[in-house]
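Structure, as C-alpha cells:
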Amino acid sequence: MRQNATVRIDQARCIGSGQCVLAAPDVFDQSDDDGLGLVLIAEPPAELLPAVRDAVDRCPAQVVTLEE
Amino acid sequence: MTEAAVCPVHHERDHPLHPPTGFAEAVSGGPVKMVWPNGVEAWVVSSYAGVRQVLSDPRFSTRKGGQPEMRTDEGEAVLDPDQPGNINGIDGAEHMRLRRPLSRGFMVKRMNELRPRIQQIVDEHLDAMEAKGAPADLVSSLCLPLPSLVIAELLGVPPEHQELFQATAGDLFGKNGSKDEYLAHATKLAEVLTPIVAEKKAAGTTDDMIGLMANDTDFSMDELIFLCIGLLAAGHETTSNFLGLFTLHLFEKPDQLEVLRRDPGRADVVVEELMRYTVGQLGGPGLTRRATEDVEVDGVLIKAGDWVSVSLMANLDEALCPRAEELDLERDAVSHLGFGFGPHQCLGANLARAELQIGLRTLFERFPNLRPAVPVTEMRYRNDMITYGAAEIPVVW
C-alpha cells in the first residue's frame, strides 16, 4: 500500500552529503549537530514518493531506503 | 571472457570539449586494461553501473589507489596515504572520522546561506569586467577568482593571505611535478596556515570552517593543516574549470543557451545537466581505486591488487538517461556521476552547485550577447593539471 511507504536513513553509514535534501527537501533535512541526513516525514504521501526514489538513487553512500 | 587489450593512456583531443581521441572506442564493451605513461596498468571502467559499483564497494580501496599520474616513476604515491588529514587516501571508519565534521561545514542549508555573498562576489567581478571593456578574459575575470574567494572566506583565511593561497593551490594541482616540488608547495601553505589555525584554536571560534574544525573535532594539528590545504586546493581549480567549460559548451550550442536565457530560474536543473554532460565529455580515465579482493565488474574478474580507474564518461551511458550523448537543458536532473559517487563523493558539491548556478545565470543575464572572441577550438586549454579546463576564454558582448 502506497500510503504506508516508509523512509529510513542508516545514519551509521551516512556521510552527510545532503543529496537527499536536494532531491526531496520536504522529506529530508540535515542535522545542525553533525550534518547527517534526517527523515522529516517517515511515511511520505504518494505525491512525494518520486522525489524520495530520486533521493534513494542519488545518495552516494546508498543509505536511504524506501520500503513500499 | 576475452583477454583485455592494453592501450596507452593519452589526453590528446581532436576537439577541446570532447573526449580524448579514440578513448570511447578503446573502453567500450567493458573494463579494459590501459597503461599510464609511468608504466602503471589499471582497468578502466566506463559503464554507469560499473562506475557506481567501483566507487561505492568497500572492496575497492582508495588508500591503495590514488591517481596514477600522481605517482613517481617508481610507483610511489606523491601523496603519502599516511599523511595525517589525507582524506582522499583513506577508507572506512578512518575516512568517516574526518569526513563527517567537514560535511557539516558544507551542509545544503549552510551553502544556501552563502548564496547572497556568492552573488555579491559574482556581481563585483562582472562589474569590473564590464568597466574594463571587451574583449575580456572570462577565466581571470570571473572563473578563477570566484571559487578561490568563496572557499577562503568559508574557511576563514584572512584576506591578506588569499592571493598566496590562490597561486600556491594552483601549483599543487600540476601533474608533472615531482614529489619534492609537491611537498615544497604544501610546506609553503602549511607555514602560512599554522598560525591562522593556532589563533582560531586559542580564540575558540567556530564561526568559520577552520574554527569549526579546530574547536569542534578531535582533529590533530597536522590533520587540520593538511585538511585546510586540501580544501583550498580543491576549491580553487575544479569549479573554475567547470564554470569555463559550461560557458564554452553553451557557446557551441546556441539552442541550449537559449533554454537558459528563456528561463534563468531553471539554473539549478541546467547546472546538473551541464555537469553530467561536461564531465562525460571530458572522458579519459579518472579516480582510481585498488581491489583488495577479487571482484567482478561488468562481467570481468578484477583480481585482488589490480588497479581500477573509473571513467566518468559513464555520464554518457544510455543506462543513465535516454540520448545520454546529447546536452539537453530541458531534461530533469538525473543521478549523474559528475561529482563522483560513494563515500568520497565531492565534499564541496553543494558549494560548487551554488557557485555554478549563480555564476552562469548572472553571466548570461548581465551579458545577453556574450560570445567568444575567437573560435572555441582555437582557445588555449590546460592539460598540465589534474583537472582540465580553458586557460583563457576571450569574450565580447
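The values are calculated or read from the model by the stated rules, or taken from the named source; none is laboratory data. Values in this document were obtained by computation on a predicted structure and should not be read as measured data. Quick reminder, even Gly has a Cβ in these numbers, built from the backbone with ideal geometry, and neighbours come from all protein chains shown.
Just one residue in the set B:Asp317, B:Asp306, B:Asp332 is touching a helix residue (DSSP H, G or I) at 6+ places or on another chain (Cβ under 6 Å), acidic (Asp, Glu) and over 20 Å from B:Ala136 (Cα atoms); that residue is B:Asp317.
Identify, from the list B:Val334, B:Val310, B:Val300, the residue that is out of contact with any strand residue (DSSP E or B) (no Cβ under 7 Å at 6 or more places or on another chain) and within 14 Å of another protein chain (Cβ to nearest Cβ).
The match here is B:Val334.
Name the one entry in B:Arg261, B:Arg289 that is outside any loop (DSSP other than H, G, I, E, B) and in contact with a strand residue (DSSP E or B) (Cβ under 9 Å, 6 or more places away or on another chain).
B:Arg289
Considering only residues in the range A:35-68 that are surrounded by 16 or more Cβ atoms within 10 Å (Cβ to Cβ) and of a type in the set (D, E, K, R), the one that is nearest to the other protein chains (Cβ to nearest Cβ) turns out to be A:Arg58.
Under the condition of being outside any helix (DSSP H, G or I) and within 11 Å of the chain's Cα centre (by Cα), the residues counted in the range A:37-65 number 13. Taking the range B:286-307 as the range and being within 27 Å of the chain's Cα centre (by Cα), over 15 Å from B:Phe341 (Cα atoms) and in contact (Cβ under 8 Å) with a residue 40 or more places away in the chain as the test, the residues that pass are B:Arg290, B:Ala291, B:Thr292, B:Val297, B:Asp298, B:Ile302, B:Asp306, B:Trp307.
Out of B:Leu227, B:Leu245, B:Leu183, one residue alone is out of contact with any strand residue (DSSP E or B) (no Cβ under 9 Å at 6 or more places or on another chain) and either in contact (Cβ under 8 Å) with a residue 12 or more places away in the chain or under 23 Å from B:Arg353 (Cβ atoms) (or both). It is B:Leu227.
Only one of the numbered conditions (1) in contact with a helix residue (DSSP H, G or I) (Cβ under 9 Å, 6 or more places away or on another chain); (2) away from every other protein chain (no Cβ under 14 Å); (3) hydroxyl-bearing (Ser, Thr, Tyr) is violated by B:Tyr381, and that is (1). Restricting the first member to the range B:256-285 and to residues that are more than 26 Å from B:Arg13 (Cα to Cα), and the second to residues that are modelled with pLDDT under 95 and polar (S, T, N, Q), no beta-carbon pair is closer than 6 Å while six or more apart or on different chains.
Evaluate the range B:157-176: report whether one residue or more is within 22 Å of the chain's Cα centre (by Cα) and over 28 Å from B:Leu248 (Cα atoms).
Yes, some residue in the range B:157-176 is within 22 Å of the chain's Cα centre (by Cα) and over 28 Å from B:Leu248 (Cα atoms).
Is at least one residue of the range A:9-32 away from every other protein chain (no Cβ under 13 Å), farther than 26 Å from B:Tyr48 by Cα and exposed (fewer than 13 other Cβ atoms within 10 Å of the Cβ)? No: the range A:9-32 contains no residue that is away from every other protein chain (no Cβ under 13 Å), farther than 26 Å from B:Tyr48 by Cα and exposed (fewer than 13 other Cβ atoms within 10 Å of the Cβ).
A residue that is farther than 21 Å from B:His18 by Cα and touching a Lys or Arg at 6+ places or on another chain (Cβ under 7 Å) cannot be found anywhere in the range B:370-377. Take the residues in the range B:25-49 that are in a strand (DSSP E or B), in contact with a Ser or Thr (Cβ under 9 Å, 6 or more places away or on another chain) and touching a residue at least 40 places away in the same chain (Cβ under 8 Å), then tell me which one is surrounded by the fewest Cβ atoms within 10 Å (Cβ to Cβ). Out of the qualifying residues, it is B:Ala42. Looking only at helices (runs of 4 or more DSSP H) that lie completely in the range B:76-171, which have at least 1 residues being within 14 Å of another protein chain (Cβ to nearest Cβ) and closer than 30 Å to B:Pro368 by Cα? Qualifying helices (runs of 4 or more DSSP H): B:108-132. The condition of being among the β-branched types (Val, Ile, Thr) and either at pLDDT below 95 or touching a Ser or Thr at 6+ places or on another chain (Cβ under 8 Å) (or both) holds for only one of B:Val376, B:Val297, B:Val308, that being B:Val308. Just one of (1) more than 14 Å from chain A (Cβ to nearest Cβ); (2) part of a loop (DSSP other than H, G, I, E, B) trips up B:Gly359, so point out which. (2) is the only condition that B:Gly359 fails.
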